[in-house]
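Novice: Okay, handing you the structure first.
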Amino acid sequence: FLFDSYNGGFRGLKNPYTIDTTSWSLFGQIEYTLNDQWSVIGGFRWIEEDKDYAWSNNWADFRGGNANILATLQAFSTSSSDSLWSAKAQVDYRPNDDLLLFASWNHGVKASGFNAPFVGVSSPPADILPYKPEELDAFEVGFKATLLDGRARLNASGYYYDYEDYQAFNLVIFDALTSNLPAEMHGFEAEIQATPVDNLDLLLGVAYNDAEISLGGGATSRPVQSPKWNISGLVRYQWPMMNGNMAIQGDFDYRSGTIFNLSDNPNTGSIGGYTVVNTRLSYTTADEKWDVAVFANNIFDREYRVQQFDITGDPLFFADGFLGLVEEYYGRPRWIGGSISYNF
């Protein structure tokens, strides 16, 4: 970050960091069929991961585009060593050829790590630099069913996630910081694929995720970029033409409201639910080597944000209002185009 001009150059802060990681693991999985209807799956993984971390805050001269370090204002170096394990246990039941029922437990892990903050004239709090490993116990039940004499398939499952030291992602001015917080999630997913008549394909998917992160003092939040509802669908019809196949397709994707930051700051913002609709018309030769298509994405020209950064200022490192703006990124507007593809 550049603070002032100096004899035709610039002087400012440079915050380099390095993380050297060494990781190895041993794993195995076994699937055993008890009889024609019952089977079990078990797996286990042992993980060793070591990290060496170094970070510094330097006053530098950027004359000529190169950073010449004039003074090191702060420096921090450390290492971590994690011994972790993950596991899987699942029971499958097939009462007939068209139905599978299952129940599973998975223990998952993420290794510890280190943040690399960009700082101004003050030092970062020492407790924001390292973060601990994350552990997850995931419980899931569901089924997979074939319907209508094979013309449809319905998959559905429900889950509960119990986290220990959840690695919560948060944006603090220029920094993407990770911290450990209590969290749990539960929800369900369902998807149906169908071909009710020849050449007509239908797809509908619904996902619900009720997620809660404890921020302390009774305050809670959803994870960043984690909508409660996701709904998507597709309709595609294909018919023969000119010794090939024409196809017309329409699809949509709905996301309910979400947040861009864990902190209760109006500048970091949130966004309400939105739907994006796309369409496509294509011709494919009989040998499937040539594909010619025209498409229109976001045909209703829906305006929606995909990310937002509050860079008005950071009370940890800068005076409030230091930069005085909020940076927003929007999804692509209505986009009409075409493509020609050849498959070798």
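Novice: About the Cα centre of segment 164-244, how large is the charge dipole given +1 on each Lys and Arg Cβ and -1 on each Asp and Glu Cβ? Please answer in debye to the nearest 20.
Specialist: On the way: 3 positive and 10 negative charges, 63 e Å.
So the dipole magnitude of segment 164-244 works out to roughly 300 debye.
Novice: Within the chain, how many lysine pairs that are 8 or more places apart, or on different chains, have C-alpha atoms less than 30 Å apart?
Specialist: 15
Novice: Using a Förster distance of 45 angstrom, determine the FRET efficiency expected from the C-beta separation of Asp50 and Leu325, and round it to 0.05.
Specialist: Working: r = 41 Å, r/R0 = 0.91.
The value I calculate is 0.65.
Novice: A further question follows. Of Ala87, Asn66, Phe44, whose Cα points farthest to the positive end of the dipole of segment 44-123 (charges on the beta-carbon: +1 Lys, Arg; -1 Asp, Glu; origin at the Cα centre)?
Specialist: Of Ala87, Asn66, Phe44, it is Asn66.
Novice: Tell me, what is the per residue accessible area of the chain in Å², probe radius 1.4 Å?
Specialist: Values: 19700 Å² over 344 residues.
On a per-residue basis, the chain sits at 57 Å².
Novice: Tell me, what HN-Hα J-couplings in whole Hz come from the Karplus equation 6.51 cos²θ - 1.76 cosθ + 1.60 at θ = phi - 60° for each residue of segment 77-82, using x for Gly and Pro?
Specialist: Coupling constants for segment 77-82: 9, 6, 9, 9, 9, 10 Hz.
Novice: Add +1 for every Lys or Arg and -1 for every Asp or Glu among the other residues with Cβ under 14 Å from the Cβ of Phe300, and state the total.
Specialist: Values: positive: Arg302, Arg332, Arg334; negative: Asp251, Asp253, Asp301, Glu303.
Neighbourhood net charge equals -1.
Novice: Shape verdict for segment 115-243, please, from the Cα gyration tensor: rounded (a/c under 1.5), prolate (a/b greater than b/c) or oblate.
Specialist: Numbers: a/c = 3.97, a/b = 2.22, b/c = 1.79.
Prolate, because a/c is 1.5 or more and a/b exceeds b/c.
Novice: Amide H of Leu147: which non-local residues (sequence gap of 5 or more, or other chain) have their own amide H closer than 5 Å, using H built in the peptide plane?
Specialist: Those lying under 5 Å, H to H, from Leu147 are Ala152, Arg153, Leu154.
Novice: Compute the distance in nm between two label points, each set 7 Å from the Cα along the Cα-to-Cβ direction, one at Ile30 and one at Trp59.
Specialist: Simple spin-label model gives 6.5 nm for this pair.
Novice: OK, next. Using a 7 Å offset from the Cα along the Cα-to-Cβ direction at both Val40 and Thr220, what is the distance between the two label points in nm, to one decimal?
Specialist: 3.6 nm
Novice: What's the magnitude of the charge dipole for the chain around its Cα centre, counting Lys and Arg as +1 and Asp and Glu as -1 at the beta-carbon? Answer in Debye, nearest 20. Before the final figure, lay out each step's value.
Specialist: Details: 22 positive and 43 negative charges, 191 e Å.
Using only the charged Cβ atoms, the result is roughly 920 debye.
Novice: Still on this structure, please answer the following. Tell me, in nm to one decimal, what length is gained between Tyr17 and Ala145 on full extension, where the rule is 0.36 nm per residue of separation less the Cα-Cα distance?
Specialist: On the way: separation 128, 0.36 × 128 = 46.08 nm, distance 5.09 nm.
Stretched out fully, the Tyr17 to Ala145 stretch lengthens by 41.0 nm.
Novice: HN-Hα J couplings of segment 229-240 from phi, Karplus 6.51/-1.76/1.60, θ = phi - 60°, integer Hz, Gly and Pro as x?
Specialist: Karplus-based 3J(HN,Hα) across segment 229-240 equals 10, 10, 10, 9, x, 8, 10, 9, 10, 10, 9, x Hz.
Novice: Which residue, Leu34, Leu215, Asn297, has the largest displacement toward the positive end of the dipole of the chain when charges sit on each Cβ (Lys, Arg +1; Asp, Glu -1)?
Specialist: Asn297
Novice: Which distance in nm do the two modelled labels at Phe252 and Trp290 give, with both placed 7 Å along the Cα-to-Cβ direction?
Specialist: The modelled label-to-label distance comes out at 3.5 nm.
Novice: Sort 18-24, 110-116 by the packing proxy (mean of other Cβ within 10 Å over each peptide's residues), most packed first. Display every interim value, and only then the final one.
Specialist: On the way: 18-24: 11.0, 110-116: 19.6.
My ranking of the peptides, most packed first, is 110-116, 18-24.
Novice: How high is the FRET efficiency between Ala89 and Gln238 when r is their beta carbon distance and R₀ equals 30 Å, given to the nearest 0.05?
Specialist: On the way: r = 42 Å, r/R0 = 1.41.
Given R0 = 30 Å and the Cβ-Cβ separation, E is 0.10.
The values are calculated or read from the model by the stated rules, or taken from the named source; none is laboratory data. Fair warning: this is a prediction, and the values are worked out from it, not measured in the lab. No Cβ is skipped: glycine too gets one built from the backbone with ideal geometry, and neighbour counts run over all protein chains shown. Heavy atoms of the whole protein, side chains included, go into the accessibility calculation; ligands, DNA and RNA do not. Shrake-Rupley method; radii C 1.70, N 1.55, O 1.52, S 1.80 Å.
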